[in-house]
Amino acid sequence: MRTALAVLGAGAALAAVPTAWAALASLRYRYTVAQAPPRPVAIVLGAAAWESGPSPLLARRLDIAAELLLGGKVGVVLVSGDNRECSRFETDAMTDYLVARGVPKEAVVADPAGYRTWDTCARARDVYRVDAAVIVTQNFHLPRAVALARAAGMDAVGVGDPSLGGRTRSTVYGYAREVGANAKALYDAVRQPAPAVTGGAAPEAVERIGNAT
């Protein structure tokens, strides 16, 4: 019995390491919109898109990005997600949502191959030449996202949406999911794998980001 408990305890401690890493690596770099230091680019991590547009959680991320840009905190918004038909063209939906809320279309750059958080960070660095950014996502995702962006070499800070407010189930699921996702993130931070897609940015998109720096 004691051996079994010891094994369980050791397993729990080991599982906590990636979560502790994400929390500590991002601790000094998480802000509210009002507190966020200026950066050239806001990177909005993708989430589910519906036929009607961004899901409520994704819309809240985009609202934060719009506030950052219209408030002069960032010069460009990089929306990153899966823009394939199977994902209902996430980045198209994200771009349309921002433009409908007063963000100039020329201030939005879309990365259609941000299939997961590490891919977004690696492609922002290598394909879009981003070296400093505000990462925008939900609070449950923010430690991992900021930790990965900084592991990728970006001078990254983060602003998160607290969610709940009618999305309790999604928020609780998000926090639970991070336990496993943090383990994968720590592996990515150490190994620095190539993203699923390594190119594809239009020169004018890279130029727009460069002009914002």
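No lab work stands behind these numbers, since they all come straight from the coordinates. Keep in mind that what you see is a predicted model, and the values were worked out from it rather than measured. Neighbour counts run over all protein chains shown; Cβ positions are idealised from the backbone, glycine included.
When the Cα centres of segment 21-66 and segment 118-137 are compared, how far apart do they sit, in Å?
13
Going by how many other Cβ atoms sit within 10 Å of their own, how do LYS184, LYS105, LYS73 line up, fewest first?
LYS105, LYS184, LYS73
So how many Å³ per residue does the convex hull of the Cα atoms of segment 9-131 work out to?
134
Considering the dipole of the chain built from charges on the beta carbon (Lys and Arg +1, Asp and Glu -1) around the Cα centre, which of TRP21, ILE64, ASN139 is farthest to its positive end?
Value computed over the given set: TRP21.
What net charge do the residues around ARG101 carry, taking every other residue with its C-beta under 11 Å from that of ARG101, with Lys and Arg at +1 and Asp and Glu at -1?
Summing Lys/Arg as +1 and Asp/Glu as -1 gives -3.
Describe numerically, in nm with one decimal, the distance between label points set 7 Å from Cα along Cα→Cβ at ARG84 and at VAL206.
Here the modelled spin labels are 2.5 nm apart.
Once the other residues with Cβ under 10 Å from the Cβ of ALA149 are scored (Lys, Arg +1; Asp, Glu -1), what is the net sum?
Its environment carries a net charge of +2.
I want to make sure I understand the PRE zone here: with the label point 7 angstrom from the Cα of THR213 toward its beta carbon, which residues in segment 145-159 have backbone N atoms less than 11 Å away?
Within reach of a label on THR213: 155.
Determine the principal axes of the Cα atoms in the chain, then give the extent along each, sorted from largest to smallest and rounded to whole angstroms.
So the three principal-axis extents are 63, 37, 36 Å.
Run the dipole for the chain about the Cα centre, Lys and Arg Cβ at +1, Asp and Glu Cβ at -1, nothing else charged, and hand back the magnitude in debye, nearest 20.
Dipole of the chain, to the nearest 20 debye: 760 debye.
What distance in nm separates the two pseudo spin-label positions at ALA20 and ALA194, each 7 Å out from Cα along the beta-carbon direction?
Using points 7 Å along Cα→Cβ, the separation is 3.5 nm.
Among ALA100, VAL33, ALA49, which residue has its Cα positioned farthest towards the positive end of the charge dipole of the chain, with +1 placed on the Cβ of Lys and Arg, -1 on the Cβ of Asp and Glu, and the dipole taken about the Cα centre?
It is VAL33, whose Cα lies furthest towards the positive end.
Take every DSSP beta bridge whose two residues both sit in the chain, then give the antiparallel share in percent to the nearest 5.
Roughly 15 percent of the DSSP beta bridges within the chain come out antiparallel.
Calculated FRET efficiency, LEU27 and VAL99, Cβ-Cβ r, R0 35 Å, to nearest 0.05?
Efficiency, from the Cβ-Cβ distance: 0.55.
Near ASP119, within a Cβ-to-Cβ distance under 10 Å, what is the net charge of the other residues, with Lys and Arg +1 and Asp and Glu -1?
Taking every Cβ under 10 Å from that of ASP119, the sum is -1.
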